[in-house]
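Quick note: the coordinates plus some simple rules give every number you see, no bench work behind them. Remember, it's a predicted structure, so these values are computed and weren't measured experimentally. For neighbour counting, all protein chains shown are included, and Cβ atoms are generated from backbone atoms with ideal geometry for every residue, glycine included.
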Amino acid sequence: MRALRSRWLTAAVVAVLAAGPLAAADKAAPVGKPIDIVICLDTSNSMDGLIGSAKVKLWDIVNDLAKVKPTPDLRVALYSYGNDGYDKANGWVRKEIDFTTDLDEVYRKLNGLSTNGGTEYVARVCRDALKDLKWRENKNAFKLIFVAGNEPADQDPEITLSFVAEQAKKQNVVINPIHCGGLEPTWQNFAALSGGKFSHIDQQGGTVVIATPHDKELAELGEKLNKTYVVYGKKGKEYKENQVAQDNNAAQLGAGVVAARTATKGGDLYKNSMWFLVDKCIEDPKFDVRTVKEEDLCDEMKKMTPDERVAFVKKKQEERAELKKQIEEVAAKRQKVLDEEAKKHAKSGDKAFDAAIKAVIREQAAEKGIEIPK
């Protein structure tokens, strides 16, 4: 078996050296427009449905953005507010995670949220997101805040909605208020002040997941895709363990959520260059896997020669490319079923969490010259 592996590596090395550097490293992918999105969720006692909706629908929201070509440079941040367990001095607001491209870490934080009483300071959480986060300074950047809750939006005795709206406009950030209920005037007013879009949702409706005949195949493709991840770096193992943990979190919510997450993992918005060698080679054309320190390699690669590493990563790259192609094809079939079901159940009034966010993003992206294909 060891001799067979050695012969395979030798042949692969010869082929790779003859072909030149890793194909992915030859040419970096076109850079899409920068998009910064902050999600602010009310975590007071009555908001379990909202949090559940976000857990179920995060991957569907990302998948909609993944349709944009060239692929956007997406960063996501997460805040929660209205929880009695938070610091009163901070207005019961907590930053869960700074802007990041690591969607697994966002999902980990999202799954860690819990509800606990609280006074909901909508203006405060938006003010903090504007003040504390390092937003893109690029004038073409698409910058959004989605703040969702179910109590009047003007409860904050110190920070007014008009002040926050003015700050947002100065930073070229659009605030989109989402009320979990009906046409609440203070939330509508906040949208008017900030130039954003008001939505009202059925916070329970977002938890409905439609099963499709394609979910099982996507789950199987996702398992195969997981085998192509080659970790590196001091925290590579930790990142990989978190990926597995978030796979498990999705699995607990049903086959449809697993299918949506697999579609995300098969797309270009799911970036893991900080721990995954194939992504690193794609992101950085100058990166050379031959120069990685042995202690920073996974056990499987530690005994390989520098050129054998190239061959190994090249093989994983080819496997991933084929699997991503299959995932894209099956995910498109799944989406067609979801779109058809959505038309059957379309109604005026309250929407699901993801439907509200996707509709707003599409409308405002178009104003920025970003087309999201249907």
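Please list the equivalent ellipsoid semi-axes of the range 90-159, computed as the square roots of five times the alpha-carbon gyration tensor eigenvalues, in descending order and whole angstrom. List each step's numbers first, then the result.
Values: eigenvalues 102, 65, 20 Å².
With the √(5λ) rule applied to the range 90-159, the semi-axes are 23, 18, 10 Å.
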Notebook entry, point to check: When ranked by the protection proxy of mean other Cβ atoms within 10 Å per residue, highest first, what sequence do the peptides 318-325, 160-167 form?
Noted result: 160-167, 318-325
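Compute the orientation-averaged projected area for the range 227-374 from the convex hull of its Cα atoms and round it to one decimal in nm².
Working: hull surface 45.5 nm².
That works out to 11.4 nm², a quarter of the Cα hull's surface.
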Check: Dimensions of the chain along principal axes (Cα, Å, largest first)?
Finding: 72, 43, 39
Notebook entry, point to check: How many nm is it between the label spots at Lys237 and Asp339, if each spot is 7 Å from the Cα in line with the beta carbon?
Noted result: 4.5
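Using unit Cβ charges (K, R positive; D, E negative) and no other charged atoms, how large, in debye to the nearest 20, is the dipole of the chain about its Cα centre?
On the way: 59 positive and 57 negative charges, 260 e Å.
So the dipole magnitude of the chain works out to roughly 1240 debye.
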Notebook entry, point to check: Where in the range 76-104 does the label zone of Glu137 land, with the point 7 angstrom along Cα→C-beta and an amide N cut-off under 16 Å?
Noted result: none
Item checked: Length-normalised contact order of the chain in % [C-alpha pairs under 8 Å, at least 6 apart] -> 22
Next item on the list: Compute the FRET efficiency between Glu158 and Thr186 as 1/(1 + (r/R0)^6), taking r as their Cβ-Cβ distance and R0 = 25 Å, and round to the nearest 0.05.
Entry: 0.95
Notebook entry, point to check: Stretched out fully, how many nm does the piece from Asp299 to Asn116 gain, at 0.36 nm a residue minus the Cα gap?
Noted result: 61.5 nm
Next item on the list: Note down the magnitude of the dipole of the range 66-156 about its Cα centre, charges +1 on Lys and Arg C-beta and -1 on Asp and Glu C-beta and zero elsewhere, to the nearest 20 debye.
Entry: 460
Next item on the list: Using just the helices of the chain, give the 222 nm mean residue ellipticity in deg cm²/dmol: DSSP H runs with n ≥ 4 each add -39,500 (n - 2.57), and the total is spread over all residues, rounded to 500.
Entry: -15500 deg cm²/dmol
Checklist line | Column: log10 I(q)/I(0), Debye, Cα scatterers of the range 58-196, q = 0.10, 0.12, 0.19 Å⁻¹ | finding: -0.34, -0.49, -1.26
